[in-house]
């Protein structure tokens, strides 16, 4: 048994920290006949866990839920990981913006009005990063996703050649070696086709999708993240691939997503985007003139890209593009640095 001073010295903390954790009912040491606290080996182990969680930035409420098993630890870790990842991207964006402001003021004077546009742009980007909402309830869909996408459906049936589309996407991925990052990994059906040749990191915003993918494919590495907040270092991926997911990015978010992919991609790497797209404005117009009311409703519920616009965005960033139609709805765009 340890007295409070001994326990505090063991962890090199102030005894008041232990009193605070006791007040929050994270630890409940015994008392001797004189009323002094006595910490058992189990208490010491619990204190160790609390301190580790605190160093990782977990709030006390989350630590309580973990230690008392009120919630699934993986769900709580997922939430904390998302919070940390969001903080990293936010701070990085603010740091880069402040650096540009400082450079501008050095060059053009210290009048803060001259950097107003830069600050507005940064605030707009920060707002965009925070606005994504899962309108499609992917957490609930995860359990039945594999079966649902293979069923014939009314409306815009862009899953009708699902396996053929994934097979062709995997063929393109497998043309080169190296590490692969899949954004919107879902239940891992594309990852399954490339895991034999590549180390794959699957990224998704849905914890249940990640759970399902990991359960099916133990060799797959899974991480929480999104198109706008990839939880990866600069220049760390040889190939970035995404299928049936890019249409969840709104108009201006698509450019932000491409920039985030470019940050993570190695200089000789590739971006592969497989999704429902239209070749150009004329093809989209023809579709809308001939589609059914159900197809139009599905179309208006998403943010589908156009191939020519996507190619233009990539070209602005210094990429060369190849576009291939798999069927009348699905295209694969491959972008490589020139």
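The values are calculated or read from the model by the stated rules, or taken from the named source; none is laboratory data. Here the structure is a predicted model, which is why all the values come from computation and not from measurement. Virtual Cβ from ideal backbone geometry, glycine too; neighbours counted across all protein chains shown.
Descriptive notes on the structure:
- Looking across region 77-89, just one residue is farther than 15 Å from residue 223 by Cα and buried (at least 16 other Cβ atoms within 10 Å of the Cβ), and that is 89.
- Meets criteria (under 25 Å from residue 298 (Cα atoms), touching a residue at least 12 places away in the same chain (Cβ under 8 Å) and either touching a helix residue (DSSP H, G or I) at 6+ places or on another chain (Cβ under 8 Å) or assigned to a helix (DSSP H, G or I) (or both)) for residue 168: yes
- Of all residues in region 210-244, those being surrounded by 22 or more Cβ atoms within 10 Å (Cβ to Cβ) and out of contact with any helix residue (DSSP H, G or I) (no Cβ under 8 Å at 6 or more places or on another chain) number 2.
- Residue match in region 148-164 (condition: under 16 Å from the mean Cα position of the chain (by Cα), closer than 30 Å to residue 296 by Cα and in a helix (DSSP H, G or I)): no
Yes or no, residue by residue, for (1) in the same structural domain as residue 236 (by TED's automatic domain parsing); (2) assigned to a loop (DSSP other than H, G, I, E, B); (3) touching a residue at least 40 places away in the same chain (Cβ under 8 Å); (4) over 25 Å from residue 155 (Cβ atoms):
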position	(1), (2), (3), (4)
271	yes, no, yes, yes
274	yes, no, yes, no
283	yes, no, no, no
296	yes, no, no, no
303	yes, yes, yes, no
311	yes, no, no, yes
314	yes, no, yes, yes
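- First in region 57-82 and touching a residue at least 12 places away in the same chain (Cβ under 8 Å), second anywhere and surrounded by fewer than 17 Cβ atoms within 10 Å (Cβ to Cβ) and assigned to a loop (DSSP other than H, G, I, E, B), Cβ under 8 Å, 6 or more apart: 60/24; 64/24; 64/25; 64/70; 80/56; 80/57
- Contact map, region 16-37: residues that are part of a loop (DSSP other than H, G, I, E, B) paired with residues that are surrounded by 16 or more Cβ atoms within 10 Å (Cβ to Cβ), Cβ distance under 6 Å, separation 6+ or inter-chain. Pairs shown: 26/50; 27/21; 27/43; 27/46; 29/37; 29/39; 29/43.
- Exactly one residue among 102, 115, 47, 66 is exposed (fewer than 15 other Cβ atoms within 10 Å of the Cβ) and in a helix (DSSP H, G or I), and that residue is 102.
- If the condition is being closer than 25 Å to residue 65 by Cβ and more than 36 Å from the chain's Cα centre (by Cα), then region 23-36 contributes 23, 28, 29, 30.
- So residue 308, is it surrounded by 13 or more Cβ atoms within 10 Å (Cβ to Cβ) and within 24 Å of the chain's Cα centre (by Cα): no
- Test: residue in region 276-293 that is touching a helix residue (DSSP H, G or I) at 6+ places or on another chain (Cβ under 9 Å) and within 28 Å of residue 232 (Cβ to Cβ): yes
- Residue match in region 325-337 (condition: closer than 24 Å to residue 164 by Cα, part of a loop (DSSP other than H, G, I, E, B) and without any contact (Cβ under 8 Å) to a residue 40 or more places away in the chain): yes
- Residue match in region 17-28 (condition: surrounded by fewer than 17 Cβ atoms within 10 Å (Cβ to Cβ), closer than 30 Å to residue 260 by Cα and out of contact with any helix residue (DSSP H, G or I) (no Cβ under 6 Å at 6 or more places or on another chain)): no
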